[in-house]
1. Roughly how many debye, to the nearest 20, is the charge dipole of the stretch A:15-143 about its Cα centre, given +1 on each Lys and Arg Cβ, -1 on each Asp and Glu Cβ, and no other charges?
2. Shape call for the stretch A:175-285 from the C-alpha gyration tensor, a ≥ b ≥ c root eigenvalues: rounded (a/c under 1.5), prolate (a/b greater than b/c) or oblate?
3. Across the residues of A:77-86, average count of Cβ atoms on other protein chains within 10 Å?
4. Any of B:156/B:228; A:349/B:203; B:88/B:159; A:16/B:157; B:86/B:229; A:407/B:31 with alpha carbons more than 19 Å apart? Name them for me.
5. With the cut-off at 1.5 for a/c, could you classify the stretch A:149-218 from its C-alpha gyration tensor as rounded, prolate or oblate?
6. So which lysines can residue A:339 reach, going by Cα to Cα under 18 Å and dropping same-chain residues fewer than 8 places off?
7. Kindly point out which whole DSSP H helices in chain A project their C-alpha atoms 30 angstrom or further along the helix axis while averaging a Kyte-Doolittle hydropathy of 0.0 or above.
8. In straight Cα distance, which lysines are under 27 Å from residue A:215, not counting same-chain residues fewer than 8 positions off?
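What follows draws every value from the coordinates through simple rules; no lab data is involved. All of these numbers come straight from a predicted model, not from anything done at the bench. Counting neighbours? That spans all protein chains shown, and the Cβs are built from the backbone with ideal geometry, glycine included.
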Amino acid sequence: MNKNSSPWWKAPWSYKESFAVVGGLIASGIMLQLSIGNFDYEIIRYPVNIYLLILTLIAVAVLTLRHKSHLFQWLAGVPLSVANISGLLLYSMIMGLTMQAPANADGQSALGFDTVTRSWPFVIVFYFTLLNLSCVTSRRLLNFHWRDYAFYLNHLGLLVLLYAGGFGAADLRRYVMHVEEGATEWRVYNEKDDVLELPLAIKLNDFYMEEYIPKLAIIDRRTGDAIPNGNPQMWQIDTTRTTANIAGWNIQLEKYIHEAVRKSDSTYQQIPMPGSCPAALVKVENSATGFNQSGWICCGNFAQLYMTMQLNDTLSLVMTRPEPKLFRSDIEVYTPDEKTYQAQLEVNKPLRVGHWMIYQYSYDADAGKASAYSSFELVYDPWMTWVYVGIFMFLAGSIFLLWEGNKKARRKNA
Amino acid sequence: MNISWDHFTAFAIPVLISWMLAIITLFATKKRWLNKIFTLAGIVGFATFIVLLWISLDRPPMRTMGETRLWYTFFLSTIGFVMYAKWKYSWIQAFSLVMASVFIFINIFKPEIHSKNLMPALQSIWFVPHVTAYILSYSFLSAAAISAVILLWQYKKQKETATLEAFTDNLVYVGFGLLMTGLLIGAIWAKEAWGHYWSWDPKETWAFVTGASYLIYIHVRLRESRPKKFTLWLIIFSFIFLMITWKGVAYLPSAQGSVHVYSQ
């Protein structure tokens, strides 16, 4: 890219040297990959990652002391940043085009293309980018100006985020725990389905679930597909707008019971209990065929049979299974220091206990709101606070960026 | 007064008319205050509907696709208004009002999807800002790609290009700021909903590729001696990555099981 053809490797280094170095790092990474396989994050688990972090910061500090040296100028320069970002771009493109192996499995590709985040070239370029970004930030901090706040927020924010995310990846643990209602559990499954015991215990007091009002559909009994074929029309049952038309069939909703239980005479009544399910009384007409009938439709569940309405030789009116609207677990968490935390866990409303985050994960989908257990995901990430610090600094920097645009160019033109 | 979706059209039509007038005044007259009055009148009218619906539902209207669209309309028109006040680009005002109106039209003509339910993971305060930031970012970065093509053509004709160059550059800055805002809001949301802020989901991977590509542009052009044609091609390539992230990911074999690919 550098048009003026200065000789190779003569200081100051620019684009061609930067790309050559990053290319060389990738080549060494490929050789390591071919000879010893994936990078094992376990080797940089705490406290090794802390030592590495401190060593890196010392190295950056020493380099900064000699900030007039060609080496520092190069490490803190734009050409190397561009070369590093290009290296990361190359490997993330490979990742985006190759189906990645699950985190608990080994890949098939000798070059590590299906396990990119664990492949040596990626790890090496990632680390070199950290070093590069650290020097860039350090150089600008040496020459501190308040007007550069957006630069600091963006670069320092990204730096904190990449350090905490990269080094933190080695300490991150994810587990799944299944707890029966009324029981206390401390055993979890890891990604390889091994059973482990945790220092935390969770008691499930109550599992509560709400479901959306279901839909009505007309299906072809021979195939089970909703009509019209290829573009199925379903009617979201609506108790205020009570009429609908699906492919020429007029549907009039006469009664809807969200928590219904069937009586002996094939009618339904409202009884809120774990085995209840939605039921609707509808009147269906088709002027073309002269069809006119009223009846109950019910989607059924583990406790009750479904009920459909036969419309002709092939078609039936059916009710879909209701979709989950909200599921919530009332839990108590016990920690080793004998503290107890109470929480109502929902999707999007996790509980934070120290370095742990506890998530509502799943439940017995067949039993729905009668589920006898609730599943939680437990994520251990001691670097999380720093990740948030990085995210919010970078976010503030991005908002300044979108607000100020290219301030420097305008200052120059003004 | 109990407001429901039945009253939507009554609110929507005056809003649409005032935004149409806003777009016409934008291009037909030099009186900027006229445009501002029409735009604001629409925004206030629309916000009134949201507030009244919120009161009558007794919960924030964020649970169905139709309700989510209300916020797109509101934020697109409002942020478009602010962006126009800041940057004086008429097209962003026109674009955001047209997009805001499109969401109104969907709500009017596809009433059955008013009640398309949101799965619990999507019921998050981060959902709407995440998508809104992206819609606006895409508009800026599309405009940047178009002006990059125009610039390449003008170079060929050896025309004076300095103004358009500065303009293109600014579009990328603003668009990239919005892109990162959408991405980081997505990361915060992902931590709350899926347990981790970054999972290298295929859409996330391509968002990373796109971000890296625009970053290369932003850094390469810092040097005065930059090769101009090359930097313009960087904008165009970045935009292709953006399109892959937006639409292409669903078709990639690597995207099986992505949390961003919703089958209907």
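1. Numbers: 7 positive and 5 negative charges, 127 e Å.
In debye, rounded to 20, the stretch A:15-143 gives about 600.
2. prolate
3. 4
4. Beyond 19 Å between Cα atoms: A:349/B:203; B:88/B:159; A:16/B:157; B:86/B:229; A:407/B:31.
5. It comes out oblate by the Cα gyration axes.
6. Partners within reach: A:203.
7. Working: long enough: A:15-36 (31 Å, 1.17); A:120-142 (33 Å, 1.20).
Helices meeting the span and hydropathy rule in chain A are A:15-36, A:120-142.
8. A:255, A:263, A:283, A:325, A:369, B:110, B:116
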